[in-house]
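Presented below is the structure to which this report refers.
The values are calculated or read from the model by the stated rules, or taken from the named source; none is laboratory data. In this text the structure is predicted, and so the values were computed from the model without any measurement. No Cβ is skipped: glycine too gets one built from the backbone with ideal geometry, and neighbour counts run over all protein chains shown. The accessibility values were calculated without ligands, DNA or RNA, using every heavy atom of the protein model including side chains. Shrake-Rupley method; radii C 1.70, N 1.55, O 1.52, S 1.80 Å.
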Amino acid sequence: MLSLTEENYLKAVLLITASRSEGAGTNELASHLEVNPATVNNMVKRLKQKSLLHYEKYAKITLTEQGRKIALNVLRKH
């Protein structure tokens, strides 16, 4: 079970990356969610541990297949 915040992060990554082939940056995600980049970093690490995001330090953030399914479900629900 994911928290509302975790769902919002997945949805944000989906929305940011929907119209392009590259992933989202941490600063871009922070701006979209109106939070501090350090907060994004912590959540991205948590979601990576849950196998919902692909992320390496200084690289772009992308959704895993499971993360994408959840994000699409959240988008439909909201």
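Here the chain is assigned +1 on the Cβ of each Lys and Arg and -1 on the Cβ of each Asp and Glu. Its dipole about the Cα centre then comes out at about 220 debye. On the beta carbon distance between Arg20 and Gln49, with R0 = 22 Å, the FRET formula returns roughly 0.30. Averaged per residue, the chain has 64 square angstrom of accessible surface, using a 1.4 angstrom probe with ligands and nucleic acids left out. A Förster distance of 22 Å, applied to the separation of the beta-carbon atoms of Ala59 and Ala38, puts the FRET efficiency at 0.80. The slack in the chain from Leu72 to Met1, taken as 0.36 nm per residue of separation less the alpha-carbon distance, amounts to 24.0 nm.
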